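Heads up, the thing below is written out as structure tokens.
Since every read-out is calculated from the coordinates, none of them should be taken as a lab result. Here the structure is a predicted model, which means the values were calculated and not measured. Every residue, glycine among them, receives a Cβ derived from its backbone with ideal geometry; neighbour counts consider all protein chains shown.
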Amino acid sequence: AQSVAQPEDQVNVAEGNPLTVKCTYSVSGNPYLFWYVQYPNRGLQFLLKYITGDNLVKGSYGFEAEFNESQTSFHLKKPSALVSDSALYFCSVRDPRYGGSQGNIIFGKGTKISVKP
Amino acid sequence: DTAVSQTPKYLVTQMGNDKSIKCEQNLGHDTMYWYKQDSKKFLKIMFSYNNKELIINETVPNRFSPKSPDKAHLNLHINSLELGDSAVYFCASSPLRASSYNEQFFGPGTRLTVL
């Protein structure tokens, strides 16, 4: 069965410091990986995804993520955090072998990022 | 224009009642979804649906049923509401049903409170 893990419930970062949100996954085949952000009382917003190709993907708001197949990880990073980055971040994995089946959509439990001035 | 909209934003009701949450997307997407986010922020898919196929998460009680009057709408109907149904429900959409590489677009959520 596929799964995705976000080992940290919360990460505190000082503004201007680098930000990393960890995500590891388990799927039988090659995964499709996504990051979403949820601001308070809002729906999720797509940040970036890895499908194939370059392991380093760049997304919205200056975020990037690196796909590491050997470590089965897809950590989200930002070189310099802003107070406005404070939100809940979700990693998601889909197993493309299942095509359109919703049964392949799995979200991590979320990591709360708090950026202090 | 809001891409994925939901109504109502808040819903407070008594146990045993039947209620519906509406969702509309103006993105021209083929597939729509319903998610439940519990008090611990865990996000779980309930349904995915296009005009040909409804896929139900096997853990969803049959009190929950999606209803789609057309491609742009997917409403969620809940019968005999229970306390454990209290959560935030999100609608989402994505293009091309068979394309797992497409990201989803989420609505703002409906906070359901069952008393």
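Karplus-based coupling profile of region A:107-114, in residue order and whole Hz: 10, x, 6, x, 10, 8, 9, 10, with θ = phi - 60° in 6.51 cos²θ - 1.76 cosθ + 1.60 and x standing for Gly or Pro. One Cα centroid belongs to region A:31-70, the other to region B:48-94; the line between them spans 26 Å. For a straight C-alpha distance cut-off of 19 angstrom, the aspartates and glutamates reachable from residue B:67 (same-chain residues fewer than eight places away being disregarded) are B:18, B:24, B:30, B:53, B:58, B:85.
About the Cα centre, and with charges only on the beta carbon of Lys, Arg (+1) and Asp, Glu (-1), how big is the dipole of the protein assembly as shown? Nearest 20 debye, please.
On the way: 24 positive and 20 negative charges, 63 e Å.
It works out to roughly 300 debye.
The phi torsions of region A:40-55, fed into the Karplus equation with coefficients 6.51, -1.76 and 1.60 and a -60° offset, translate into couplings of x, 6, 10, x, 6, 10, 5, 9, 6, 8, 10, 10, 6, x, 4, 5 Hz, rounded to whole numbers, with Gly and Pro shown as x. Evaluating 6.51 cos²θ - 1.76 cosθ + 1.60 at θ = phi - 60° for every residue in region A:30-37, the Karplus couplings come out as 7, x, 9, 10, 9, 10, 10, 10 Hz, glycine and proline recorded as x.
How much length, in nm to one decimal, is gained on full extension between residue B:20 and residue B:113, taken as 0.36 nm per residue of separation minus their Cα-Cα distance?
32.2 nm
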